[in-house]
Amino acid sequence: MKTEDTTPFAGLGPERILDAVESLGFRCSGALQALNSYENRVWQIGIDEAAPLVAKFYRPGRWSDAQIAEEHAFSAEMAAEELPVVAPLVIDGRSLYSHAGFRFALFPRQGGRAPEFDRAETLEWMGRLMARIHQVGARREFGQRETLDIASFGIRSRDWLLEHGVIPAELEPVWAGVAAQALDGVAEAFARAGAVRPLRLHGDCHAGNVLWTGDGPHFVDFDDARMGPAIQDLWMLLSGEAEEMGRQFGHVLAGYEMFREFDDRELQLVEALRTLRLIHHSAWLARRWSDPAFPAAFPWFATRRYWEERVLELREQIAAVAEFRGLRVVMP
């Protein structure tokens, strides 16, 4: 398997991490705790006589400086509106720093627990928060960051997998065929939805990126922020069968439309976006396979069974996208 990079964080040991933070004028206590992150490396750093900080070291080659600057500016816009997002610290007019060849940012530590998306009040609260985030996101466009569309998430991911010898040879023609059929269905779903307006999104709105406190939800990571349809930030709050998702979305929508109107045409895109995410996820794992953290965390990826399951999964999605005509939303 050919991957995009080799050991991208080699040399980023504890001493170098602490040196990077101290280069900005902080005195580290020596306490160092790795936080859950695969794409980047994220550490909680103890600071003498002050609250701990979180240092995020960006994966080399993934985002340009300009793209990271747009992410930080988006977070700052939301923080200025008193939205519960954890924005990077600004020191001497900068929020992106470099040390020993690694780019990093510092954030205040934010505690919290995982949200309970099975609770109606949680879904309504998330709907209100996402609407307010989208109000900010709709004010302007990203100029440098990617757009979530069929080309970026689907076609490029499919092509990369086929070009790099990732899929077992005996399964590659089958997977390629179902992937092509699945992407055709996605294109038809986008055509049915029509010209929905893209806006700046969180981009990866799953439970792991939300921390819940007594004050409600906080977003801690906008690393996947990009342009796309509003529904991308909402459908991952849902789970279960179509009827159950319709009830859940009713609660999300009840909160969302307190602050922002939702374009119902985007409901056509739920299964299409799920299909794009599945293809993109396989490509993401393959591209990162030379990073030692990935074989350790995802050992099942490099197996024949994984790709057999992906073929079945895509076949199910082909049927789901073909039959899907939008969620039947049940308002509370």
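When the charge dipole of the chain is built from unit charges on Cβ atoms (+1 for Lys and Arg, -1 for Asp and Glu) and taken about the Cα centre, the candidate among TYR97, TRP235, LEU171 whose Cα reaches farthest toward its positive end is TYR97. Here the dipole of the range 1-110 is about 380 debye; that uses its Cα centre as origin and unit charges on the Cβ of Lys and Arg (positive) and Asp and Glu (negative).
What's the local net charge at ASP149, with K and R +1, D and E -1, over the other residues with C-beta under 12 Å away?
+1
Distance between the pseudo-spin-label points of LEU312 and ARG139 (7 Å out from Cα toward the beta carbon): 4.9 nm.
Here the range 130-148 is scanned for amide nitrogen atoms under 20 Å from the site 7 Å beyond the Cα of MET331 along Cα-to-Cβ, giving 130-132.
Between VAL174 and PHE259, the FRET efficiency from the beta-carbon distance, with R0 = 41 Å, is close to 0.35. Simple point charges give the picture: +1 on the Cβ of Lys and Arg, -1 on the Cβ of Asp and Glu, and for the range 120-323 a dipole about the Cα centre of about 540 debye. Here the relative contact order of the chain, from alpha carbon pairs under 8 Å that lie six or more residues apart, stands at 22 percent.
Given the -39500 (n - 2.57) contribution per DSSP H run of 4+ residues, what per-residue ellipticity at 222 nm results for the chain, rounded to the nearest 500 deg cm²/dmol?
-13000 deg cm²/dmol
For a test of the definition: using alpha carbon positions, the gyration tensor, and the 1.5 limit on a/c, classify the range 133-225 as rounded, prolate or oblate. Since a/c reaches 1.5 and a/b is larger than b/c, the shape of the range 133-225 is classed as prolate.
Which of rounded, prolate or oblate describes the range 11-119 when judged by the alpha-carbon gyration tensor and an a/c cut-off of 1.5? Rounded. Dipole of the range 28-89 computed with +1 at Lys/Arg Cβ and -1 at Asp/Glu Cβ about the Cα centre; of ILE47, HIS72, PHE57, farthest Cα towards the positive end is PHE57.
The loop-placed GluC sites (Glu not before Pro) in the range 120-173, going by DSSP, that have at most 16 neighbouring Cβ atoms within 10 Å of their Cβ come out as GLU141, GLU170. Estimated from the Cβ-Cβ distance and a Förster radius of 25 angstrom, the FRET efficiency linking THR303 and SER152 is about 0.35.
Let me know the shape class of the chain, please: from the alpha-carbon gyration tensor, a ≥ b ≥ c as square roots of the eigenvalues, rounded when a/c is under 1.5, otherwise prolate if a/b is greater than b/c, or oblate.
Oblate.
This model, with +1 at the C-beta of Lys and Arg and -1 at the C-beta of Asp and Glu, gives the range 238-332 a dipole about its Cα centre of some 420 debye. The calculated FRET efficiency for ASP65 paired with SER239, based on their beta-carbon distance and R0 = 51 Å, is about 0.85.
Summing charges over neighbours of GLY30, with a neighbour being any other residue whose Cβ is under 13 Å away from its Cβ, gives -3 when K and R count +1 and D and E count -1. Restricting the GluC sites (Glu not before Pro) of the range 195-259 to loop positions (DSSP other than H, G, I, E, B) with no more than 12 neighbouring Cβ atoms within 10 Å leaves GLU241. Placing a pseudo-label 7 Å from each Cα along the Cα-to-Cβ vector at ASP159 and ALA191 gives an inter-label distance of 2.1 nm.
Each label point was placed 7 Å from the Cα along the Cα-to-Cβ direction; for ARG94 and ASP118 their separation is 4.8 nm.
Any read-out appearing in this document is the output of simple, stated calculations on the displayed coordinates, not a laboratory observation. Keep in mind that what you see is a predicted model, and the values were worked out from it rather than measured. Cβ sites come from the backbone with ideal geometry, for glycine too, and all protein chains shown count toward neighbours.
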